[in-house]
C-alpha cells in the first residue's frame, strides 16, 4: 500500500493508529477487517447527539463505516489540513479551509456577528442556527402557520389536519411540498366528482336530492320486504296469514318491555300484509318505522311524485329509479382525507393553490444560505468530536489507554470497588443471551434517580473477589455527567475474576459447604430440641391423667458403638496415611503440603486461566447495537485497572488501635503445636532416626518404658535376631 499505517498493540489487541492528516486522508484505503467497529448506535454513547445526527445521513439510528468515510471525504473537500481535525477543540481557523461555500458561509456568519474573520467557533454556528430558527423562512422547505395569513393560513391548517405536519427547523409544525401536493390532488379529485352532479338526472330535485336519497336508503330494504310479502299473498291468498305475525309472536312480545327502539318490534313487517299491496304512509304502521316512513313521505315521495297517503309498488319502483343515478354518482366519490370539507371550501382551496406553493418556494429560496450555516456547524462539531469518534471506532485507544470509551456509561461504586467498565442495557433480552459469551463477571443493576426515568446498567467486576456480591446489594452509580443514581443488583453473571481468586475458590466452596451443613444440622437439632421440650411440657401437663408406667430401659446399642468405631477407625486411617505420606518426606514436608494445595486448586486455576484468556468486550457492545469487528480482549493486567480498589492516601495518618477489635487468635501457639505434632509423627515413623541416633528411636523408647531392666538403648538390642539359615535335609 502507498500509505504506511502504524499498528500498535494494547490489551492484547492489534489496532491501527490514526494520528495524522495522512492517516485520515487514506482511511478509505484501510482494510475494513482492521477496523475495530463497523457500526455503532446513535443512542447510548457518550458523544454529542447532534454530531451523531449529522453523521447518520440515512437516519437509521446507526453510524456505519460508509458514513464515516463519507464524513472524511467531506472534510477533505473543505479542509486544507486534515491533521488539524484530529487536534480537537471547538474553533476552526478560516485559513485552514479551502475556498468554497463553507468558508464563504463562515465569513458571512462572522461578519453578521461583527467578529474578526479569523476563526469560527461552535458557539458562533449554533447562535446563527438559532437566529434562522426564529425566522419565518429558514430554507428547509417547511412552511408554518406563522408564515401565512387569511385564507391561506386556513388552507395550511386544513392540510395539517388531513395529511399531518412536518416539523420545521424551529420545531414548529408545518407543511412541505409533498403534503401540499397530496392535499391539492385530492381537492381536484373531489371537485371533479362534485362537478359530475350537474349532469342530467343525477340530482332530479337539486340539492334536496341528497335528503331524498338518504330517506329512501333508510327504509329501502324494509319497504322491499313489505311489497314482496304482499305479492306473495297475491300469488296465493292462503299464505296471507303465514306472512303476518302469528298470535304466538304477539303473545311472546306481550311479556316484554317494548319500545320503538326494540329489535323485536323492528323485526315485524312494516304494515299489515294483504293481497292489495298498498303501504299506508301513516296510521297503521309498525311504530318502530313510523318516523322513517314519515321522513320518506316528506323528503322523497312528495318532491318526486307528489303528496299522497299511500304508496303502491309501482310508485315505489319509479321513486327508486329516479334516485338510482344519484346513488351511482354518490358511490363514485373518491376516497380522500377531505370528507369534512364542503365543495365551496374546496373551491377556495383550489383558488389559493399557487399561494401555498409560493410560500414553500420562498422558504426554499434561502436554502443555500441556511445550508452554508449548517455546514459551518457541521464543520465545528466534526472539529470537536471526530477525533474522539475515530478513537472509539477505527481503534479503541480511548478505552485501552484512558479508560474513557464513549460506550462506557459511568462508574459503579459497590463493595469497596469502583467499576469503570459499565454499559447501558438497551435490550435486556439480547444482553441475557450475549453477556455469558463475554467471559466477564457482570452485575446487572437497576438505577433510579428522583425526577428521571429508571435506567438499567451492566457493570463488569475485573478485580477483587465475588464473595460479597449478590442480588439485592445496593451501590451508587455515577454517570458521565456526574449525576449519582441509586443502584441495586438485579442479576449476576458468574465468571472468574483472577487466578488468585480461582486458587482459593475450592477452599471457599468447601468451607461454605461445611457452614451450610453445620447450619442445617444445628437448625435440625434446634427443631428437634424444641419438639422434645413441647412434648415434655405436654406430658407434664397431663401427668395426672396418665397412669404411672415403669421407666423404659435405656442402654447403648452395641451395633451403633461398633459402627462408630469402624467409622472413626477409617477416618483415622485416612488421616494417618495422609500425614504419613507428607511427613514421610522429612524436611521436604512443607513442599508436600504446598503440593497438595496446588493439586486441589490447579483444576480451578486452569479453568479460570482459559476463561480469562477468552474475556472479550465485543459481545457486550454487540448487545447494545454495535458491530464489533475485532477480538476486543480484556486481559488480566488490563482488567485490574478497569476496577478501582480502595487505597489509603499517601501521607495519611493511620491509627491501628481499635477499641472494639476482636480478640486475636493465638496463631503462634497454633503454629508451635503444628510443628510439635509434625515432629512427633516424623519421630514415630522413624524419619528422625538419622538425626537423633539409635538410642532414641521409637522402639528403644518403648523398650525403656516396658522392659527397662532388660533392654539396652540400642536398636540392635530391640530388633529380633535374624532367623537361622535353612539347612538341607
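The values are calculated or read from the model by the stated rules, or taken from the named source; none is laboratory data. Not measured: the values here are computed from a predicted model. Here Cβ is always computed from backbone atoms with ideal geometry, including for glycine, and neighbour counts include all displayed protein chains.
Criterion applied to 326, 399, 357, 423 was being part of a helix (DSSP H, G or I) and crowded, with 22+ Cβ neighbours inside 10 Å, and the one residue passing it is 399.
Return a yes/no flag: does the stretch 255-273 have any residue that is free of Cβ contacts under 8 Å to residues at least 40 places away in the same chain and under 24 Å from residue 323 (Cα atoms). No; the residues of the stretch 255-273 include none that is free of Cβ contacts under 8 Å to residues at least 40 places away in the same chain and under 24 Å from residue 323 (Cα atoms).
Taken over the stretch 402-420, the residue count meeting the criterion of being over 16 Å from residue 639 (Cα atoms) and part of a loop (DSSP other than H, G, I, E, B) is 5. The condition of being in contact with a helix residue (DSSP H, G or I) (Cβ under 8 Å, 6 or more places away or on another chain) and either outside any helix (DSSP H, G or I) or surrounded by fewer than 19 Cβ atoms within 10 Å (Cβ to Cβ) (or both) holds for residue 348. Highlighted here are the strands (runs of 3 or more DSSP E) found entirely within the stretch 1-119 that include at least 3 residues which are farther than 13 Å from residue 393 by Cα: 7-10, 91-93. Report whether or not residue 300 is outside any helix (DSSP H, G or I) and surrounded by 17 or more Cβ atoms within 10 Å (Cβ to Cβ). So residue 300 does not fit the description; no. When residue 158 is tested against (1) loosely packed, with under 14 Cβ neighbours inside 10 Å; (2) closer than 16 Å to residue 346 by Cβ; (3) within 48 Å of the chain's Cα centre (by Cα), exactly one condition is not met: (1).
Among the residues making up the stretch 71-101, a single one is farther than 17 Å from residue 387 by Cα and under 40 Å from the mean Cα position of the chain (by Cα): 77. For residue 258, the criteria (1) in contact with a strand residue (DSSP E or B) (Cβ under 6 Å, 6 or more places away or on another chain); (2) more than 26 Å from residue 309 (Cβ to Cβ) hold in every case but one, which is (1). Only a single item in (1) closer than 19 Å to residue 267 by Cα; (2) surrounded by 15 or more Cβ atoms within 10 Å (Cβ to Cβ); (3) more than 60 Å from the chain's Cα centre (by Cα) is not met by residue 204, and it is number (1). Screening residue 590 with (1) under 30 Å from residue 36 (Cβ atoms); (2) at pLDDT below 70 gives one miss only, at (1).
Could you check, for the stretch 218-230, whether at least one of its residues is modelled with pLDDT of 90 or more, part of a helix (DSSP H, G or I) and farther than 30 Å from residue 331 by Cα? Yes.
The single condition among (1) at pLDDT 90 or above; (2) in a loop (DSSP other than H, G, I, E, B); (3) within 20 Å of residue 227 (Cα to Cα) that residue 291 does not satisfy is (2).
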